[in-house]
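Trainee: This is the structure, below, for whatever I ask next.
The values are calculated or read from the model by the stated rules, or taken from the named source; none is laboratory data. Owing to the predicted nature of the structure, the values given are computational and were not obtained by experimental measurement. Positions of Cβ are generated from backbone atoms using ideal geometry, with glycine treated the same way; all protein chains shown enter the neighbour counts. Side chains included, ligands, DNA and RNA excluded: accessible areas come from the protein's heavy atoms. Shrake-Rupley method; radii C 1.70, N 1.55, O 1.52, S 1.80 Å.
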Amino acid sequence: MPRFNHSALVIAALTTTIAALSFPVWSYADRSGTGVANVASGTVNTQWGPLTASDRDLIVRVRLAGLWELPAAEKAMARSSSATVKDAADHLLVGHADLDQRVRTVASQLGVAIPNEPNAQQQGFLAQMDAAQGESFDRTWANLLRSAHGKIFPAIGTVRNNTRNTLVRQLATDTNQTVLDHITMLEKTGVVDFDSIANGTI
């Protein structure tokens, strides 16, 4: 009889241990896009398809773009006397206001943490704009923005091509259209230095 009680106790303990170890796995199994998506470097499953590190990176980069490009556009509207610069700035204001709303919605749905302020490099871009005056402001403004848009353009295409997540794919499509429009408008200012951009000196 004591042997039976001991065996029963061991079995009960093992059952409890297995249940305790299994709970964290079960508890996240159907919670698509929880905070795990921000911690794990690999892929997590969501109801919209797998969410990869590259997918999450694009979401963060789209959010960051709006955080500094909207203030940059406001600076141009207030300080530039160039009609073409103001036209470009207007496109940035409209495009990024819409895109920022979209990316915040997608981030919330997928559980991806996004920043609330520009990164150090972007703050530096805004500081360069603040330090420039007149035509120098227009050149600085247009070239910094054109360079930034050109750098993210290939990344958008790569994610758009590779993602299996429907929300990320649509976000990439929307972002691609917005970035191409902004590149076109920035080039219409007539002050973009294509040689410097091609050489990576901006």
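Trainee: Which of the residues spanning segment 179-190 are open to solvent by 20 Å² or more (accessible area, probe 1.4 Å), in contact (Cβ under 8 Å) with a residue 12 or more places away in the chain and either within 18 Å of residue 65 (Cβ to Cβ) or in a helix (DSSP H, G or I) (or both)?
Mentor: Scanning segment 179-190 gives 180, 181, 185, 187.
Trainee: For segment 153-173, give me the residue count where each residue is assigned to a helix (DSSP H, G or I) and open to solvent by 20 Å² or more (accessible area, probe 1.4 Å).
Mentor: Count: 13.
Trainee: Further, regarding this structure: Would you mention how many residues in segment 66-90 are open to solvent by less than 70 Å² (accessible area, probe 1.4 Å) and outside any helix (DSSP H, G or I)?
Mentor: Number satisfying all stated conditions: 2.
Trainee: Quick check: is even one residue across segment 139-147 open to solvent by 40 Å² or more (accessible area, probe 1.4 Å) and modelled with pLDDT of 95 or more?
Mentor: Yes - at least one qualifying residue is present in segment 139-147.
Trainee: Quick check, is residue 138 among the acidic types (Asp, Glu), part of a helix (DSSP H, G or I), more than 30 Å from residue 106 (Cα to Cα) and out of contact with any strand residue (DSSP E or B) (no Cβ under 7 Å at 6 or more places or on another chain)?
Mentor: The answer is yes for residue 138.
Trainee: OK, next. Within segment 91-104, restricting attention to residues that are open to solvent by 70 Å² or more (accessible area, probe 1.4 Å) and without any contact (Cβ under 8 Å) to a residue 60 or more places away in the chain, which residue is farthest from residue 61 (Cα to Cα)?
Mentor: Top of the filtered list is 94.
Trainee: If you don't mind, there's one more thing I want to ask. Return the pairs, sorted by first residue and then second, in which the second residue is in a helix (DSSP H, G or I) and open to solvent by 80 Å² or more (accessible area, probe 1.4 Å), the first residue lies in segment 128-141 and is without any contact (Cβ under 8 Å) to a residue 12 or more places away in the chain and more than 9 Å from residue 80 (Cβ to Cβ), the beta carbons are less than 8 Å apart, and the residues are 6+ apart or on different chains.
Mentor: From segment 128-141, the pairs are 132/139.
Trainee: Select from segment 191-202 the residues that are open to solvent by 70 Å² or more (accessible area, probe 1.4 Å) and assigned to a loop (DSSP other than H, G, I, E, B) and list them in ascending order.
Mentor: 201
Trainee: From the list 195, 174, 181, which one is acidic (Asp, Glu) and either out of contact with any helix residue (DSSP H, G or I) (no Cβ under 9 Å at 6 or more places or on another chain) or within 18 Å of residue 80 (Cα to Cα) (or both)?
Mentor: That would be 195, the only listed residue that is acidic (Asp, Glu) and either out of contact with any helix residue (DSSP H, G or I) (no Cβ under 9 Å at 6 or more places or on another chain) or within 18 Å of residue 80 (Cα to Cα) (or both).
Trainee: Answer yes or no as to whether residue 94 is under 25 Å from residue 51 (Cα atoms) and either assigned to a helix (DSSP H, G or I) or touching a Gly at 6+ places or on another chain (Cβ under 8 Å) (or both).
Mentor: Criteria not met by residue 94.
Trainee: Further question: Exactly one condition in (1) closer than 18 Å to residue 78 by Cβ; (2) within 14 Å of the chain's Cα centre (by Cα) is not met by residue 138; state its number.
Mentor: (2)
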